[in-house]
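Input: a single structure, listed below in structure tokens.
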């Protein structure tokens, strides 16, 4: 018994000593740039909570005009008021955007282009993860529809304003989960069979492939696009998965806070050394590995064409 107590006690002591080092490692990379964004306009989808909220807070503190684009306008207004009060930046506004509805996306863009003459940074941050099977207003599987197609359409409709405002940047929030993704062209909407985890992985792989294909098409435009993996973050994204929520609670010490998870998005948005870097993938404020299927240019081109067909758009 004495040995057991001694062993437990020693373990506790060791843990306490190592705790700050473990937490620092779990927190991941930190954006060290002090770049200001005065006079620049930023759009962040899903910025009323989680990683998006912390990204908005950081960029607002740098002087940017931040547009919080979200479907929960009331919550978005509360977030905007909090950020304005904390940063002193009154240029934080909220606009209604539901990425699960192409009519809402088009309406958002119409209003944005009317009200805003510039767009320097677009952060496609919003997403849904491992939800029960459902469809968007346009009949797309929810995860593929929101995470990929919704942002694909939004980016397309905002592209001319981004080019006019160049140098400008697009950041697409993907995930390490893209490593397990496959683009199922024979069942993109998961109508034959549905696995919420695999559908999420497919949508995150689509994010990476969209990034790389878009970067090729934007060469020489002054607009760059990069994808990021924010890490495992304590946010509402896991609300649809009881198992993931349990894992996050059990290992919370090793899970990033939203502020820590936002660092790579912020880094890609402001770092001076990334001014001409495009088509890359980042995690912890450093270049990150892209799975072989994410580097398949033929599949990326096919996904681009299929996405345009599904959305009824032409994008050369």
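The values are calculated or read from the model by the stated rules, or taken from the named source; none is laboratory data. None of these values were measured; they are calculated from a predicted model. Here the Cβ is made from the backbone with ideal geometry for all residues, glycine too, and neighbour counts use every protein chain on show.
Looking for something under 30 Å from residue 275 (Cα atoms) and either surrounded by fewer than 12 Cβ atoms within 10 Å (Cβ to Cβ) or at pLDDT below 95 (or both) - is there at least one such residue anywhere in the stretch 2-15? Spell out how you get there, then give the answer.
Our first condition is that a residue be under 30 Å from residue 275 (Cα atoms); within the stretch 2-15, this holds for none.
No, that holds for no residue.
For every residue, the table says whether it meets (1) out of contact with any helix residue (DSSP H, G or I) (no Cβ under 9 Å at 6 or more places or on another chain); (2) surrounded by fewer than 22 Cβ atoms within 10 Å (Cβ to Cβ); (3) under 17 Å from residue 154 (Cβ atoms).
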site	(1), (2), (3)
188	no, yes, no
193	yes, yes, no
197	no, yes, no
202	no, no, no
217	no, yes, yes
222	no, yes, no
230	no, no, no
233	no, yes, no
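Could you run through the stretch 156-184 and say how many residues are free of Cβ contacts under 8 Å to residues at least 60 places away in the same chain, surrounded by fewer than 24 Cβ atoms within 10 Å (Cβ to Cβ) and within 19 Å of residue 301 (Cβ to Cβ)?
Counting residues in the stretch 156-184 that are free of Cβ contacts under 8 Å to residues at least 60 places away in the same chain, surrounded by fewer than 24 Cβ atoms within 10 Å (Cβ to Cβ) and within 19 Å of residue 301 (Cβ to Cβ) gives 1.
Going by the structure shown, is residue 107 in contact with a strand residue (DSSP E or B) (Cβ under 9 Å, 6 or more places away or on another chain), modelled with pLDDT of 95 or more and assigned to a helix (DSSP H, G or I)?
Working: in contact with a strand residue (DSSP E or B) (Cβ under 9 Å, 6 or more places away or on another chain): yes; modelled with pLDDT of 95 or more: yes; assigned to a helix (DSSP H, G or I): yes.
Yes, satisfied.
Output the number of the condition that residue 265 fails; it satisfies all remaining conditions of (1) within 15 Å of the chain's Cα centre (by Cα); (2) within 22 Å of residue 182 (Cα to Cα); (3) at pLDDT 95 or above.
So residue 265 meets the others, but not (2).
Return a yes/no flag: does the stretch 83-90 have any residue that is outside any helix (DSSP H, G or I) and without any contact (Cβ under 8 Å) to a residue 12 or more places away in the chain.
Residues of the stretch 83-90 that are outside any helix (DSSP H, G or I), as a first pass: 88-90.
From what is left, the residues that are without any contact (Cβ under 8 Å) to a residue 12 or more places away in the chain are 88, 90.
Checked against the condition, which is being outside any helix (DSSP H, G or I) and without any contact (Cβ under 8 Å) to a residue 12 or more places away in the chain, the stretch 83-90 yields at least one hit.
Quick check on my filter: what residues within the stretch 26-56 are in a helix (DSSP H, G or I), surrounded by fewer than 24 Cβ atoms within 10 Å (Cβ to Cβ) and without any contact (Cβ under 8 Å) to a residue 40 or more places away in the chain?
none
Among what's in the stretch 110-120 and is assigned to a helix (DSSP H, G or I) and touching a residue at least 24 places away in the same chain (Cβ under 8 Å), pick the residue that is farthest from residue 142 (Cα to Cα).
The qualifying residue farthest from residue 142 (Cα to Cα) is 113.
Among residues belonging to the stretch 266-282 that are in contact with a strand residue (DSSP E or B) (Cβ under 6 Å, 6 or more places away or on another chain) and outside any helix (DSSP H, G or I), point out the one that is surrounded by the fewest Cβ atoms within 10 Å (Cβ to Cβ). Before you say what the answer is, go through the steps one by one.
Step one: filter the stretch 266-282 for residues in contact with a strand residue (DSSP E or B) (Cβ under 6 Å, 6 or more places away or on another chain), giving 268-269, 278, 280-282.
Subsequent filtering for residues that are outside any helix (DSSP H, G or I) retains 278, 280-282.
Values: 278: 20, 280: 18, 281: 23, 282: 23.
Filtering the stretch 266-282 for residues that are in contact with a strand residue (DSSP E or B) (Cβ under 6 Å, 6 or more places away or on another chain) and outside any helix (DSSP H, G or I), the one surrounded by the fewest Cβ atoms within 10 Å (Cβ to Cβ) comes out as 280.
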